[in-house]
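Taking it in order: structure first as structure tokens, then the write-up.
Values quoted throughout were computed directly from the atomic coordinates according to the rules given, and no laboratory measurement underlies them. These figures come from a predicted structure and were not determined experimentally. All Cβ positions, even for glycine, are placed from backbone atoms using ideal geometry, and neighbour counts span all protein chains on display.
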Amino acid sequence: MVSWNEEYITYGGISIINAIPAWLGGAVAVDLKVRVKINDRPCAMNEFINFIINYLRERLGINNDVCIEVNSEVPPGSGLKSNSAVAVGVIYTLLTSLRGSASPVEVARLAAEVTKAHGSSITGAFDDASAAILGGAVLTDNKSLSIIKQLNLDPFTVVITGHRERKNLRSIDRLRALSGIYQALFSMAINGDLWRAATINGILVAESLGYYNALETIGRALRLGAVASGVSGNGPSIYAIFRPGEEGPFIDYISSTWSYYLVTKLVEIRYLVS
């Protein structure tokens, strides 16, 4: 290894377009940090981190025993891109330790491959991995692992709730059946109507997967002035996007209903892909 004890930060995210129906996805990074550090002293690593290291050991030429510590602000299993953020952080630290540098897009592609092989993502979530390392918003083709468009968004406030509920994937085939609609949603987002596409996506995910309490919350967010609102990923998290300072009435509402929430912000582009 070339370097030790260097910390790298990636980010959780929220969905713009769910990639399951048409393999066309979109995500935007939010300021929920995942801190990853590699070092040469013994430490306990969870099953997912061990899987990443072992999956890439031969390909990357990992001959040493490595210890990777992860400190995440992203609630696990919440639809807020926790596994993608961890995967890109772990892979980036491995590559930079071995080679001295790493291409963010190569890292995102490896992360998509690893999470799909692990079974923690249906498509590999290249969109989520890309947003986690690149920052900003991305629209991607998850089948070809290509970035179609990057966007830097206005500094909106993001309010998140529902992340403590149970994930529901029993009706995932209902979402898969919406391929044609999702191709149209992706075109809507590409052509600039990003937040309307994100809201329609979030409502379709909520209805398809049976997050019926989320539908009421999304409707209330929109009535209270949210720029967009929906279910993120495959749930259960619900997000609402507000202009800074306008989120108060929605926070009052979710304080009296869900009784818990996170408040964060969008992350600007860190790496621009040419």
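Things to note:
- Modelled label positions at Glu207 and Ser187, each set 7 Å beyond Cα in the direction of Cβ, lie 2.0 nm from each other.
- The range 116-274 - percent relative contact order, Cα under 8 Å, separation 6 or more: 31 percent
- FRET efficiency, 1/(1 + (r/R0)^6) with R0 35 Å, evaluated for Glu268 and Arg174 via beta carbons: 0.50
- Derived scalar couplings between HN and Hα for the range 250-266 equal 5, 4, 4, 5, 6, 5, 8, 10, 6, 6, 8, 6, 10, 10, 8, 9, 6 Hz in order, rounded to whole Hz, by the Karplus curve 6.51 cos²θ - 1.76 cosθ + 1.60 (θ = phi - 60°), x for Gly and Pro.
- In a reduced charge model with +1 at each Lys and Arg Cβ and -1 at each Asp and Glu Cβ, the chain shows a dipole moment near 360 debye about its Cα centre.
- Volume per residue that the Cα convex hull of the range 157-201 spans, once the total is divided by residue count, Å³: 80 Å³
- Stretchable slack from Ser144 to Arg41, in nm (0.36 nm times residue separation minus alpha-carbon distance): 33.3 nm
- Measuring nothing but how far apart in sequence close Cα pairs (under 8 Å, 6+ apart) lie, relative to its length, the range 1-123 scores a relative contact order of 30 percent.
- Cross-link partners for Lys149 among the aspartates and glutamates, with Cα-Cα distance under 14 Å and sequence neighbours closer than 8 places in the same chain left out: Asp127, Asp128, Asp141, Asp193.
- Residue ranges 162-171, 105-114, 139-148, 91-100 sort as 105-114, 91-100, 139-148, 162-171 when ordered by packing (mean number of other C-beta atoms within 10 Å per residue, highest first).
- Under a 5 Å amide H cut-off, with hydrogens placed 1.01 Å from N, Ala27 pairs with Ile16, Ile17, Val138 among residues at least 5 apart or on other chains.
- For Gly13, the residues whose modelled amide H falls within less than 5 Å of its own, excluding neighbours fewer than 5 places apart on the same chain, are Val30, Lys81.
- Annotation: lysines with alpha-carbon distance below 18 angstrom to Lys265 (same-chain offsets under eight excluded): Lys33, Lys81.
- Rounded to whole numbers, the Karplus 3J(HN,Hα) couplings from phi for the range 77-86 are x, 9, x, 9, 6, 4, 5, 5, 5, 5 Hz, using 6.51 cos²θ - 1.76 cosθ + 1.60 with θ = phi - 60°, and x at Gly and Pro.
- Computed across the range 19-103, the Kirkwood radius stands at 14.1 Å (inverse of mean 1/r, all Cα pairs).
- Histogram of C-alpha separations across the range 159-274, 10 Å bin width, %: 14, 42, 33, 11, 0
- Taking the helices alone, the chain has a mean residue ellipticity at 222 nm of -12500 deg cm²/dmol, built from -39,500 (n - 2.57) per DSSP H run of at least 4 residues and averaged over all its residues.
- Net lengthening on full extension, His118/Ile9 (0.36 nm per residue, minus Cα-Cα): 37.0 nm
- Cα-based radius of gyration of the chain once divided by 2.2 N^0.38 Å, which approximates compact folds: 0.97
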